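Asks: Here's a structure for you.
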Amino acid sequence: MIGRWMERRAPILPRDGGGEPWLAAVIAVLCFLACLSAVGAVAADRAAHGWARQLRSEATVQVRPRVDETGAEAAARAAQTLAGVTGVEEAEAMDRQTAEALLRPWVGDAVLPDLPLPHLVTVRLDPDAPASPVSLSRALAEAGVDATVDDHSLWRGEVERSAALITALAVAAFLLTAGGAGAAIVYATQAGMAAQRTVIETLSLNGASDGRIAGLYQTRYALLAAGAGAVGAAVAMALTAGLRFLGGADGVTPALPVAWSDVLMLSPCPLVAATVALVAARMTALARLRGGR
Amino acid sequence: MPVQPRRAALTDSATDTVRLWGVGFGYAGGPSVLRDVNLILTAGSFHFLTGPSGAGKSTLLSLLTLARRPTAGSLELFGEDAGGLSRSALPGFRRRMGVVFQDFRLLDHLSAFDNVALPLRLTGAKREAWAADVEEMLDWVGLGDRMDDRPPTLSGGEKQRLAIARAVVTRPDLILADEPTGSVDAAMGERLLKLFQSLNRLGTTVLIASHDEALAAASGASVLRLEGGRLAGERA
């Protein structure tokens, strides 16, 4: 009885048992790559924004001491002056040990004692209403401190440009993989229609409209892509969850801070894959039917 | 029911099922297969189309199924000009026809049940509305016990009966059948002819292309004869 029911629910189009599993595999791989691109773009953007926010809330002041004072005295006087400026949370003179610690990874221990180091003041700004470089410079000038203020805007711009580039590349990779999936569906639809030419003629002569026939192909490939997309997304979600689990909130590397929300972000992948397949299959089928091929 | 109607007669009625005027057909660069065919099939009429092999019977049917377009003349179906139809208009005409193809055109991946149900499924109607009709039709053509079998497992005669069941299951306004009894024995041929006659009594116009002159004569229907691509005459 069930066998008879199954028989009578058979799809109108014959199955392409040889090609469809391979097509599904290709789409699953493309969806996996698209998901990784999306996660990479979001994580890189998150890292860049974090760095830029950190840079925006800090400034560095290089102090040049007067003839009658040491560098440490000049830095301390500058820090005291800057601490009183509106929009500054904290200003601290950087001692030589701290400055050497920053340089040690780059130049090593051997030359550090002989190296003339600049006298620096690190300034932490109010993130909600940060003091501008102009107001810091004016305050220092009024206090008679010869100094240069660096608000890190140059470096911040580089970080933001790099983040924008990475995001653009990731979006391009996502679109290319979506295009690749669409091209695979177009090819499969054309091949399927060529192989099933007599079936299509029979359907047409029995009253099927072009839209109805195209609908059969779009349904078939949309369902196939949805299934393959679910597999690809599931693997990508497992990988993303693993990275989040292993790396914590900071990520396995600081450049890719993966969040749990990134895992959820991948859940629409089967729907997107199905939509791409649906549109590609329908347009291809209609073009082929109307072209009489 | 003149085979060679005058032009005035052709334009008088809008209720005829088929009207051909000066219809010709030829493949590009090839000889004409049909020449100056004039034909009217009034609604509810029954005709045999006979003639030797190569006379153009199948080609004439393919023009009527709108699988091909005439290269000359005018073609009207169900009172409307069908010679220059857009693709989007074809399904509306074809759903009013039931066609039995000489090569059956059955779908091998579908069961006998699903093959007969195909034109009904394509209309989008719900299964409950037609499932009983399909079973009844399969019983009628003697395939009630083969519903779940696929065409490759059926004999030539069974395939032919299946093709006929699919053509008539929608109770179409026009049935076009190309050698519908060519693969069945005489008894089944007579039974199928009775099926066509039953549908004809209900108002369906029937045109059967057959080389079986004896069957045509025994049917009592009007017989149209094609020779060399021309309608040579009609015998009532």
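Asks: Hey, could you check the range B:34-66 for residues that are in contact with a Gly (Cβ under 6 Å, 6 or more places away or on another chain) and crowded, with 21+ Cβ neighbours inside 10 Å and say which is nearest to B:Gly203 (Cα to Cα)?
Replies: As a first pass, look at the range B:34-66 and keep what is in contact with a Gly (Cβ under 6 Å, 6 or more places away or on another chain): B:34-36, B:44, B:56-57.
Checking the rest, the ones that are also crowded, with 21+ Cβ neighbours inside 10 Å come to B:34, B:56-57.
Values: B:Leu34: 29, B:Gly56: 27, B:Lys57: 24 Å.
Among those that are in contact with a Gly (Cβ under 6 Å, 6 or more places away or on another chain) and crowded, with 21+ Cβ neighbours inside 10 Å, it is B:Lys57.
Asks: Also: Looking at A:Ala241, is it out of contact with any Lys or Arg (no Cβ under 9 Å at 6 or more places or on another chain) and either touching a residue at least 24 places away in the same chain (Cβ under 8 Å) or of a type outside the set (Lys, Arg) (or both)?
Replies: Values: out of contact with any Lys or Arg (no Cβ under 9 Å at 6 or more places or on another chain): yes; either touching a residue at least 24 places away in the same chain (Cβ under 8 Å) or of a type outside the set (Lys, Arg) (or both): yes.
Against the criterion (out of contact with any Lys or Arg (no Cβ under 9 Å at 6 or more places or on another chain) and either touching a residue at least 24 places away in the same chain (Cβ under 8 Å) or of a type outside the set (Lys, Arg) (or both)), A:Ala241 qualifies.
Asks: Among the listed residues A:Ala222, A:Ala181, A:Ala214, A:Ala228, which satisfies the condition of being within 14 Å of chain B (Cβ to nearest Cβ), crowded, with 21+ Cβ neighbours inside 10 Å and either among the small types (Gly, Ala, Ser) or closer than 24 Å to A:Ala38 by Cβ (or both)?
Replies: Details: A:Ala222 fails: within 14 Å of chain B (Cβ to nearest Cβ); A:Ala181 fails: within 14 Å of chain B (Cβ to nearest Cβ); A:Ala228 fails: within 14 Å of chain B (Cβ to nearest Cβ).
Residue meeting the stated conditions: A:Ala214.
Asks: OK, next. Consider B:Asp148 carefully, then state whether it is within 20 Å of A:Pro11 (Cβ to Cβ), in contact (Cβ under 8 Å) with a residue 40 or more places away in the chain and not in a helix (DSSP H, G or I).
Replies: Working: within 20 Å of A:Pro11 (Cβ to Cβ): yes; in contact (Cβ under 8 Å) with a residue 40 or more places away in the chain: no; not in a helix (DSSP H, G or I): yes.
So B:Asp148 does not fit the description; no.
Asks: Can you go through B:Thr170, B:Thr181 and tell me which one is outside any helix (DSSP H, G or I), within 14 Å of chain A (Cβ to nearest Cβ) and not hydrophobic (A, V, I, L, M, F, W, C)? Give the steps one after another, and end with the answer.
Replies: Working: B:Thr181 fails: within 14 Å of chain A (Cβ to nearest Cβ).
The conditions single out B:Thr170.
Every residue, every condition in (1) surrounded by fewer than 19 Cβ atoms within 10 Å (Cβ to Cβ); (2) within 12 Å of another protein chain (Cβ to nearest Cβ), yes or no:
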site: B:Ala72; (1), (2): yes, no
site: B:Gly79; (1), (2): yes, no
site: B:Arg87; (1), (2): yes, yes
site: B:Met97; (1), (2): no, yes
site: B:Leu107; (1), (2): no, yes
site: B:Val134; (1), (2): no, yes
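Asks: Where the second residue is in a loop (DSSP other than H, G, I, E, B) and aromatic (Phe, Trp, Tyr) and the first is more than 15 Å from B:Lys194 (Cβ to Cβ) and lies in the range B:215-232, which pairs have Cβ atoms under 7 Å and are six or more apart or on separate chains?
Replies: none
Listed here are the residues, each with its yes/no results for (1) under 40 Å from the mean Cα position of the chain (by Cα); (2) outside the structural domain of A:Val276 (by TED's automatic domain parsing); (3) closer than 27 Å to A:Leu216 by Cβ.
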| site | (1), (2), (3) |
| --- | --- |
| A:Ala10 | no, yes, yes |
| A:Ala28 | yes, no, yes |
| A:Ala38 | yes, no, no |
| A:Thr60 | yes, yes, no |
| A:Val67 | no, yes, no |
| A:Ala78 | no, yes, no |
| A:Val88 | yes, yes, no |
| A:Ala91 | yes, yes, no |
| A:Asp95 | yes, yes, no |
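Yes or no, residue by residue, for (1) in contact with a helix residue (DSSP H, G or I) (Cβ under 8 Å, 6 or more places away or on another chain); (2) surrounded by fewer than 17 Cβ atoms within 10 Å (Cβ to Cβ):
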residue: B:Ala167; (1), (2): no, no
residue: B:Asp173; (1), (2): no, no
residue: B:Ala177; (1), (2): yes, no
residue: B:Thr181; (1), (2): yes, no
residue: B:Val184; (1), (2): yes, no
residue: B:Gly203; (1), (2): no, yes
residue: B:Ala214; (1), (2): no, yes
residue: B:Ser219; (1), (2): yes, no
residue: B:Val223; (1), (2): yes, no
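Asks: In the range A:242-293, what residues are of a type in the set (Lys, Arg) and assigned to a loop (DSSP other than H, G, I, E, B)? Break it down into steps so the answer makes sense when it comes.
Replies: As a first pass, look at the range A:242-293 and keep what is of a type in the set (Lys, Arg): A:244, A:282, A:288, A:290, A:293.
Answer for the range A:242-293, where residues must be of a type in the set (Lys, Arg) and assigned to a loop (DSSP other than H, G, I, E, B): just A:Arg293.
Asks: A further question follows. So which residues in the range B:151-160 are under 22 Å from A:Pro14 (Cα atoms) and buried (at least 16 other Cβ atoms within 10 Å of the Cβ), if there are any at all?
Replies: B:Pro151, B:Leu154, B:Glu158, B:Lys159, B:Gln160
Asks: Something else now. Would you say B:Phe101 is facing another protein chain (nearest Cβ under 9 Å), more than 13 Å from A:Ser204 (Cα to Cα) and under 13 Å from the mean Cα position of the chain (by Cα)?
Replies: Values: facing another protein chain (nearest Cβ under 9 Å): yes; more than 13 Å from A:Ser204 (Cα to Cα): yes; under 13 Å from the mean Cα position of the chain (by Cα): yes.
So B:Phe101 fits the description; yes.
Asks: Also, I was wondering about something else. Can you work out which of the residues in the range B:109-132 that are at the interface with chain A (Cβ under 9 Å from one of its Cβ atoms), free of Cβ contacts under 8 Å to residues at least 12 places away in the same chain and loosely packed, with under 15 Cβ neighbours inside 10 Å is nearest to A:Ser209 (Cα to Cα)?
Replies: B:Gly124
Asks: Give me the residue from the range B:136-145 that is crowded, with 19+ Cβ neighbours inside 10 Å and in a loop (DSSP other than H, G, I, E, B) and, out of that set, modelled with the highest pLDDT.
Replies: Restricting to residues being crowded, with 19+ Cβ neighbours inside 10 Å and in a loop (DSSP other than H, G, I, E, B), the top hit is B:Leu143.
Asks: Only one of these conditions is not met by B:Leu224: (1) aliphatic (A, V, I, L, M); (2) more than 16 Å from B:Asp178 (Cβ to Cβ); (3) modelled with pLDDT of 85 or more. Which number is it?
Replies: (2)
Asks: Give the residue that is nearest to the chain's Cα centre (by Cα), with candidates limited to residues of the range B:65-84 that are in a loop (DSSP other than H, G, I, E, B) and closer than 19 Å to B:Thr123 by Cβ. Spell out how you get there, then give the answer.
Replies: Taking the range B:65-84 as the starting set, the residues that turn out to be in a loop (DSSP other than H, G, I, E, B) are B:65-71, B:78-79, B:82-84.
Adding the requirement that they be closer than 19 Å to B:Thr123 by Cβ leaves B:65-66, B:78.
Numbers: B:Thr65: 8, B:Leu66: 12, B:Phe78: 14 Å.
Out of the qualifying residues, it is B:Thr65.
Asks: Name the residue that is surrounded by the fewest Cβ atoms within 10 Å (Cβ to Cβ), counting only residues in the range A:184-210 that are more than 14 Å from chain B (Cβ to nearest Cβ) and over 30 Å from A:Ala43 (Cβ atoms).
Replies: Step one: filter the range A:184-210 for residues more than 14 Å from chain B (Cβ to nearest Cβ), giving A:184-191, A:193-194.
From what is left, the residues that are over 30 Å from A:Ala43 (Cβ atoms) are A:186-191, A:193-194.
Numbers: A:Val186: 18, A:Tyr187: 15, A:Ala188: 25, A:Thr189: 24, A:Gln190: 16, A:Ala191: 13, A:Met193: 21, A:Ala194: 11.
Looking at the filtered set, the residue picked out is A:Ala194.
Asks: Is it the case that some residue within the range A:197-208 is touching a residue at least 40 places away in the same chain (Cβ under 8 Å) and farther than 30 Å from B:Phe101 by Cα?
Replies: Within the range A:197-208, not a single residue is touching a residue at least 40 places away in the same chain (Cβ under 8 Å) and farther than 30 Å from B:Phe101 by Cα.
The values are calculated or read from the model by the stated rules, or taken from the named source; none is laboratory data. It should be emphasised that the depicted structure is a prediction, and the values quoted were computed from it without experimental measurement. Glycine also receives a Cβ, built like all others from the backbone with ideal geometry; neighbour counts cover every protein chain displayed.
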